[in-house]
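A short worksheet on the structure shown next.
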Amino acid sequence: MNDYAQSAPTPHPTNAHPARVYNVWLGGKDHYLVDQEAAELAAQANPTIVPSVRANRAFLGRAVRHLAASGVRQFLDIGTGIPAADNTHEVAQRAVPESRVVYVDNDPIVLSHARALLVSGPQGQTDYVQADARDVDTILDAASRTLDFEQPVGLMLVAILQYIKDAEDPWDITRRLLDRLAPGSHLVLSHPAADVTSTEVAESMRIYNERAASHASATPRTREEVERFCDGLEILDPGVVTLTRWRPGPTDASDDSLPMWCAVARKA
Ligand SMILES: C[S@@+](CC[C@H](N)C(=O)[O-])C[C@H]1O[C@@H](n2cnc3c(N)ncnc32)[C@H](O)[C@@H]1O
């Protein structure tokens with residue numbers, strides 16, 4: 001566990017931040033006025049945002065349950081978000097109590113909530129690392145204290161890669177993370193779409209980006225660009241699809257036009 005007493009969220013931030021804006025859309029209380037304004041204006045421009053973030057959490061749960069059923073016992077969840085219902089360790093440990101999870105986020109507000117992420121069941125283990133996804137070696141070195149890289153890991157990049165610009169090469173970051181993971185590891189990925197309800201998505205991103213710091217601005221991507229994150233991996237059925245099309249259960253939303261791509265892919 002990092003020393004999270006040292007970093008507290010800024011009392012009155014001037015920029016919206018992804019974790020807090022996402023918290024507004026999920027109906028949480030951990031955000032500031034600037035986040036609430038960005039979230040509400042973006043959702044007015046793109047009314048699918050709220051159903052999309054709910055469907056995104058539901059996808060995360062289905063993917064973790066699938067990995068647990070496939071024998072994956074360790075998870076590296078980068079871009080964790082403020083704890084919400086059914087965090088990765090809760091879903092994984094419900095299926096397999098021995099599951100280990102390392103959470104990573106770069107927002108101090110997530111760090112300030114990290115205790116909720118560290119309440120592991122007694123047979124499993126969790127850790128929280130305060131780091132930026134661009135610092136691949138820092139993340140892998142810290143995660144190796146908890147995870148055994150000789151065994152398969154579920155690499156969760158769920159609704160985070162949009163915050164890494166093309167110029168920062170999020171594809172290379174993903175590849176470098178996967179390089180250190182054992183065969184049988186899986187990539188779990190979701191990403192806002194640039195090619196589904198594209199006018200509304202572009203406008204809502206413009207509204208968010210106007211209020212966010214440059215390092216946290218967001219870029220939607222096409223299905224083809226999202227598929228490239230899975231290069232060299234075996235993409236599991238049904239492929240790169242919108243959220244509600246990835247192995248939905250009977251209680252999952254059925255709106256298949258929500259503008260987020262998702263996929264689960266296996267390293268051979
Ligand atoms: C939209 S939320 C997604 C939360 C969670 N993965 C989910 O899908 O429910 C994105 C999270 O990624 C984090 N994040 C954004 N850019 C990041 C970066 N460069 N490094 C680490 N975390 C980042 C944000 O702080 C936020 O908590």
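For residue 60, indicate whether it is modelled with pLDDT of 95 or more, in a helix (DSSP H, G or I), among the hydrophobic types (A, V, I, L, M, F, W, C) and buried (at least 24 other Cβ atoms within 10 Å of the Cβ).
In short, yes.
Conditions tested, residue by residue: (1) touching a helix residue (DSSP H, G or I) at 6+ places or on another chain (Cβ under 8 Å); (2) within 11 Å of the ligand (Cβ to nearest atom).
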position	(1), (2)
51	no, no
56	yes, yes
63	no, yes
69	yes, no
79	yes, yes
83	yes, yes
118	no, no
122	no, no
135	no, yes
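Which residues, counting only those in segment 215-240, are over 23 Å from residue 197 (Cα atoms) and modelled with pLDDT under 95?
215
Residues are listed down the side, and each one gets a yes or a no for (1) within 18 Å of residue 54 (Cβ to Cβ); (2) in contact with a Cys (Cβ under 7 Å, 6 or more places away or on another chain):
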site	(1), (2)
220	no, no
227	no, no
232	no, no
235	no, no
241	yes, yes
246	yes, yes
250	yes, no
253	yes, no
264	no, no
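Among the helices (runs of 4 or more DSSP H) confined wholly to segment 153-268, which include 2 or more residues that are surrounded by fewer than 17 Cβ atoms within 10 Å (Cβ to Cβ)?
Result: 170-179, 198-211.
Take the residues in segment 141-152 that are in a helix (DSSP H, G or I) and either of a type in the set (Gly, Ala, Ser) or within 14 Å of the ligand (Cβ to nearest atom) (or both), then tell me which one is surrounded by the most Cβ atoms within 10 Å (Cβ to Cβ).
Taking the candidates together, the pick is 143.
Pull out all pairs, ordered by first then second residue, where Cβ-Cβ is under 8 Å, the residues are six or more apart or on different chains, the first lies in segment 13-42 and is under 18 Å from residue 114 (Cα atoms) and touching a residue at least 60 places away in the same chain (Cβ under 8 Å), and the second is of a type in the set (Phe, Trp, Tyr) and outside any helix (DSSP H, G or I).
20/32
Count, please, the residues in segment 178-200 that happen to be more than 16 Å from residue 226 (Cβ to Cβ) and either within 13 Å of the ligand (Cβ to nearest atom) or of a type in the set (Lys, Arg) (or both).
Matching residues across segment 178-200 total 1.
Within the group 191, 89, 113, which residue is of a type outside the set (Lys, Arg) and modelled with pLDDT under 95?
Exactly one residue qualifies, and that residue is 113.
Can you pull out the residues in segment 73-86 that are within 20 Å of residue 35 (Cβ to Cβ) and out of contact with any His (no Cβ under 6 Å at 6 or more places or on another chain)?
79, 80, 81, 84, 85
Within the set of pairs 6 or more residues apart or between chains, which connect a residue that is free of Cβ contacts under 8 Å to residues at least 60 places away in the same chain and within 22 Å of residue 135 (Cβ to Cβ) inside segment 178-196 to a residue that is among the basic types (Lys, Arg) and in a strand (DSSP E or B) with Cβ atoms less than 9 Å apart?
none
If you check residue 92 against the conditions, is it over 14 Å from residue 159 (Cβ atoms) and part of a loop (DSSP other than H, G, I, E, B)?
No; evaluated as a whole, the condition is false for this residue.
For residue 85, which of the numbered conditions (1) outside any helix (DSSP H, G or I); (2) over 24 Å from residue 245 (Cβ atoms); (3) of a type in the set (Gly, Ala, Ser) fails to hold?
(2)
What single numbered condition from (1) within 9 Å of the ligand (Cβ to nearest atom); (2) part of a loop (DSSP other than H, G, I, E, B) fails to hold for residue 98?
It is condition (1) that residue 98 fails.
Assess whether residue 74 counts as being over 14 Å from the mean Cα position of the chain (by Cα), within 13 Å of the ligand (Cβ to nearest atom), at pLDDT 95 or above and surrounded by 16 or more Cβ atoms within 10 Å (Cβ to Cβ).
Against the criterion (over 14 Å from the mean Cα position of the chain (by Cα), within 13 Å of the ligand (Cβ to nearest atom), at pLDDT 95 or above and surrounded by 16 or more Cβ atoms within 10 Å (Cβ to Cβ)), residue 74 does not qualify.
Somewhere in segment 35-51, is a residue under 18 Å from the mean Cα position of the chain (by Cα), in a helix (DSSP H, G or I), at pLDDT 95 or above and closer than 25 Å to residue 266 by Cα?
no
What's the total number of residues in segment 117-139 that are surrounded by 19 or more Cβ atoms within 10 Å (Cβ to Cβ), part of a helix (DSSP H, G or I) and at pLDDT 95 or above?
Total meeting the criteria: 2.
The values are calculated or read from the model by the stated rules, or taken from the named source; none is laboratory data. Fair warning: this is a prediction, and the values are worked out from it, not measured in the lab. FYI the Cβ positions are ideal-geometry reconstructions off the backbone, even for glycines, and counts take in every protein chain you see.
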